Amino acid sequence: MRIVYHHRTRGEDAQGIHIQALVAAFRALGHRVTLVGPRRPRAAGGGEAGAQTSGFRLLGRPVPGWVYELLALGYNVPAFLRLCAALVRERPAMVYERYALFGVAGRLAAGLFRVPFVLEVNAPLSLEMERESGLAFRGPAQALEDWLFRRATRTIVVSGAMADILEGQGTPRERLVIMPNGVDREAFHPDVDGSGVRRDLGWQDGLLVGFVGWVRPWHGVDGLVEAARRLRDAIPELRLLIVGDGPAVPALRQQAEEAGLSERVHITGAVARSEVPAHLAAMDVAVQPDVTEYASPIKLFEYLAMARPVVAPRKPNITEVVSDGEQALLFRPGSTDELTEALQRLHADPDLRSRLGRAGARLIEERGYYWEANAQKVTELVNPKTAS
């Protein structure tokens, strides 16, 4: 199958990882993929954990939100022309697009050439951006978003919680396909050796608790540092490894120092993507401190695939993937008390850590939470004959 993949992503964070992983999965299945999108700068080491662009910049300077929104609307013109050229050249079986705010070029081009249009939605962006920073053109943004979600051949959402949001905004449920994110099984698996990372840290012994990802204030990593402070005397051998970078890192370093945890908390900064599995393998426990209520965090699937026991908040988008006491220990969102208790429980019970880890790795296989399976599902949406 020939596929034109359209996106407007320049970052090397989870968005870039998702694009690269799904494209690689399509190609591994034998499909020909043509990427149409802005050129993305390569991060050092071929993509880094915690390497993310922050805000929109023009000529090296940040621009106001309303300017960004106008530029996003205007981007549809060159995008439409590039897509039309690709459709004429490739004659694809479908256009696959990662949704971006005000992005309608993919649907317009696919409609003009009568090609199936599959839209991947990782966040209801008009709602998200209104909450975070406000939108100057909130009405047009919502109207275009609603039109796009309803007019796509299929709209893929990454969680049931997001499907509920879009349905509440008027998108027919039958047009929505729930497809959580996945994992690269070749890179993330239980046999990865993390002993070198522990040796480099000087933490061969003790309980190593970890987090991987871009660190923003609302990711709740400060709660994880606070839990480590509370357990300082009860579990003196506990160490905390934060793999990644982000705007919340300076505050976390200060928090650790003020808590007297400087020797027990290590923040790596940006790490080459190829080095993330070894860092994960070094952990005895992997934590998802918080998550946006409609997201599908890639790190969760990587934790599970590595057979790490997971601690995560009890939110609907988490509980639709894992069950409390079966593949993870779940705590009340925002409760540092319950997070601390979960870490205490896992420290005291190595057998529980092992059981949860094994169950998580099985879950990845049983439910097909990996990129090749997602790619296969996408192709089946437009051509059922590709079903294996």
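The values are calculated or read from the model by the stated rules, or taken from the named source; none is laboratory data. Because the structure is a prediction, the values reported are computed rather than measured. With ideal geometry, Cβ positions are generated from the backbone for all residues, glycine too; neighbour counts draw on all protein chains shown. Ligands, DNA and RNA are stripped out before the accessible areas are found, and what is left, the full protein with its side chains, is counted by its heavy atoms. Shrake-Rupley method; radii C 1.70, N 1.55, O 1.52, S 1.80 Å.
In the chain, helices alone account for a calculated mean residue ellipticity at 222 nm of -13000 deg cm²/dmol, with every DSSP H run of four or more residues adding -39,500 (n - 2.57). Give me the tail of P(r) for the range 135-207 as a percent: Cα-Cα pairs with distance above 14 Å. Counting every Cα pair in the range 135-207, those more than 14 Å apart make up 72 percent.
The residues of the chain have, on average, 43 Å² of accessible surface per residue, using a 1.4 Å probe with all protein chains present. Estimated translational diffusion coefficient (Stokes-Einstein, Kirkwood radius over Cα pairs, 20 °C, 1.002 mPa s) of the range 222-309: 153 µm² per second. Amide H to amide H distances under 5 Å link ALA307 with ALA361, where only residues 5 or more positions off or on other chains count and H is placed in the peptide plane. Does the range 292-367 classify as rounded, prolate or oblate by the C-alpha gyration tensor (a ≥ b ≥ c root eigenvalues; a/c under 1.5 gives rounded; else a/b over b/c gives prolate, otherwise oblate)? The shape class here is oblate. A simple spin-label model places the labels of LEU71 and GLU167 3.8 nm from each other, with each point 7 Å out along Cα-to-Cβ. Under the shape rule built on the C-alpha gyration tensor, where the axes satisfy a ≥ b ≥ c, the range 177-268 is oblate, since a/c reaches at least 1.5 while a/b does not exceed b/c. The distance between label points at GLN254 and GLU174 comes to 5.6 nm (points 7 Å beyond Cα on the Cα→Cβ vector).
Rounded, prolate or oblate: which fits the range 332-388, taking a ≥ b ≥ c as square roots of the Cα gyration tensor eigenvalues, rounded meaning a/c under 1.5, else prolate when a/b beats b/c? Oblate, since a/c reaches 1.5 and b/c is not below a/b.
Axis angle, to the nearest 10 degrees, between helix 249-258 and the longest C-alpha principal axis of the chain: 10 degrees. Summing Cβ point charges (Lys, Arg +1; Asp, Glu -1) relative to the Cα centre of the chain gives a dipole of roughly 1780 debye. In a fully extended conformation the segment linking GLN344 and ARG39 would gain 105.2 nm over its present Cα-Cα distance, using 0.36 nm per residue.
Once the Cβ-Cβ distance of SER274 and GLU366 is raised to the sixth power relative to R0 = 35 Å, the FRET efficiency obtained is 0.80. Rounded to the nearest 0.05, the FRET efficiency derived from the C-beta distance between SER133 and LYS377 at R0 = 30 Å is 0.35.
Note on ASP233 and CYS84: their simple-model spin labels are 7.2 nm apart, each label 7 Å out from Cα toward Cβ. For the chain, the carbon plus sulfur part of the accessible surface works out to 50%, probe radius 1.4 Å. When both the range 99-136 and the range 258-327 are represented by their alpha-carbon centers, they are found 29 Å apart. Placing +1 on the Cβ of every Lys and Arg and -1 on the Cβ of every Asp and Glu, with no other charges, gives the range 204-314 a dipole of roughly 160 debye about its Cα centre.
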